[in-house]
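Visitor: There's a structure below that I have some questions on.
The values are calculated or read from the model by the stated rules, or taken from the named source; none is laboratory data. Owing to the predicted nature of the structure, the values given are computational and were not obtained by experimental measurement. Positions of Cβ are generated from backbone atoms using ideal geometry, with glycine treated the same way; all protein chains shown enter the neighbour counts. The protein model used for the area step is the full one, side chains on, heavy atoms only, and it has no ligands, DNA or RNA in it. Shrake-Rupley method; radii C 1.70, N 1.55, O 1.52, S 1.80 Å.
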Amino acid sequence: HRSILDYLHSQNFSEAFDALQSECGIQYTPDPKAKYNGLLEKKWTSVIRLQKKIMDLENRNALLVEELNTSPGKRAASQADWVPRAPPRHVLTGHRGVVNRVTFHPVFSLVVSASEDSTVKIWDWETGEFERTLKGHTRAVHDVDFDPKGDLLVSCSSDLTLKLWDVQNEYKNVKTLVGHDHVVSTARFMPSGDLIVSASRDTTIRALSENIQWAHAMGTDGLTV
């Protein structure tokens, strides 16, 4: 009431000022230093600012709801929504033979490709720039895989070998593993990172322990070879 009385006095509404004092039973003497001075105008301004914030938040919320409703996860559409569309972000060229496998680095923006041309190539998938070629295999490379931390890269080939490459040391070939008697079709790091499993057309699956030694081999009949 005092803030209203202060406002009425500042606007020279004398009759309204006197009437409100009488109705409320308040004797109010305007004081420029009192906390009621200009309080009503401040409250009105605050309400207007608050209303504007509410309207802005409502608009942002409406945009977010629209974006959510039109996302592929919410649409009652087919899997076609997830199919990449032309044009591609980058076209990576350089191999002289069929590309058999690509894999992404678990940390950095790198993609690795394995090819029939017996090479492994490293690319930056963000920029599309070629990084380097890993040479060492003498026949087609069928598979590549990073360990969970991205410190090692394993590749396998028709030359009957697996090769380990040290990512932290300029992709140096730190180990060449032999033991299969036919094309090595695939090689994978286990989620723990301490075991590599390879499969070959010699009908065996071999496991490589973390100390880079063959742990065991299993035949297709499930018996230890």
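Visitor: Search the structure for amide H atoms under 5 Å from the amide H of LEU110, placed 1.01 Å from N in the peptide plane, and list their residues when 5 or more places away or on another chain.
Guide: HIS105, TRP125
Visitor: For ARG101, enumerate residues with amide H under 5 Å from its amide H, sequence gap 5+ or separate chain, H modeled in the peptide plane.
Guide: The list, which skips near neighbours in sequence, is ALA114.
Visitor: Largest first, what is the accessible-area ranking of VAL178, VAL167, VAL91, VAL141 with a 1.4 Å probe?
Guide: VAL91, VAL178, VAL167, VAL141
Visitor: Something else: Between ILE4 and MET55, take the C-beta separation as r, use R0 = 30 Å, and let me know the FRET efficiency to the nearest 0.05.
Guide: Efficiency, rounded to the nearest 0.05: 0.65.
Visitor: What is the gain in length, in nm to one decimal, between VAL178 and ASN69 on full extension, counting 0.36 nm per residue of separation less the C-alpha to C-alpha distance?
Guide: Residue separation times 0.36 nm, minus the Cα-Cα distance, leaves 33.9 nm.
Visitor: Hey, what's the stretch 93-196 come to in accessible area per residue, 1.4 Å probe, Å²?
Guide: 48
Visitor: When the solvent-accessible surface of protein heavy atoms is calculated with a 1.4 angstrom probe, in what order do ASP117, ASP18 fall, highest first?
Guide: ASP18, ASP117
Visitor: Here's another thing I want to ask about it. When all protein chains stay in place, what accessible area (Å², nearest 10, 1.4 Å probe) is found for HIS182?
Guide: 80
Visitor: Set the Förster distance to 45 Å, then compute FRET efficiency between ASP166 and VAL83 from the Cβ-Cβ distance, nearest 0.05.
Guide: 0.75
Visitor: If I model a spin label at THR138 and ASP151 as a point 7 Å from the Cα along the Cα→Cβ vector, what separation in nanometres do I get?
Guide: 3.2
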